[in-house]
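The block underneath contains the structure these notes are about, expressed in structure tokens.
The values are calculated or read from the model by the stated rules, or taken from the named source; none is laboratory data. Every value quoted in this text rests on a predicted model; they were computed, and no experiment measured them. Positions of Cβ are generated from backbone atoms using ideal geometry, with glycine treated the same way; all protein chains shown enter the neighbour counts.
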């Protein structure tokens, strides 16, 4: 149970980081329609993840156990780990782009 909440909290934090760095990039390069759609998508994912976390935290321990006992380690955790890696990659990519566009990263030629 705690692991599920931990994964969900981690996903919320990583998506919020991605949104933060995306807004930072917007301040540097300006706004254009495709980038605005990407930021809106990141924000929608952040809201979805935050609402999932809120619903998990609102459940009693018995309710949470009843919802998670139907899954075994091999059915849910590999997918959850891949999802976690995707969120981390997105946040790291936004951080990298932010550094490149702010002139603190490697030069693009």
Which of the numbered conditions does residue 17 fail, given that it passes all the others? Conditions: (1) surrounded by 11 or more Cβ atoms within 10 Å (Cβ to Cβ); (2) at pLDDT below 90; (3) closer than 24 Å to residue 2 by Cβ. (2)
Looking at 26, 79, 68 in this structure, which one is without any contact (Cβ under 8 Å) to a residue 40 or more places away in the chain, more than 30 Å from residue 99 (Cβ to Cβ) and out of contact with any strand residue (DSSP E or B) (no Cβ under 9 Å at 6 or more places or on another chain)? 79
So which of 45, 101 is within 21 Å of residue 22 (Cβ to Cβ), at pLDDT below 90, surrounded by 15 or more Cβ atoms within 10 Å (Cβ to Cβ) and out of contact with any strand residue (DSSP E or B) (no Cβ under 8 Å at 6 or more places or on another chain)? 101
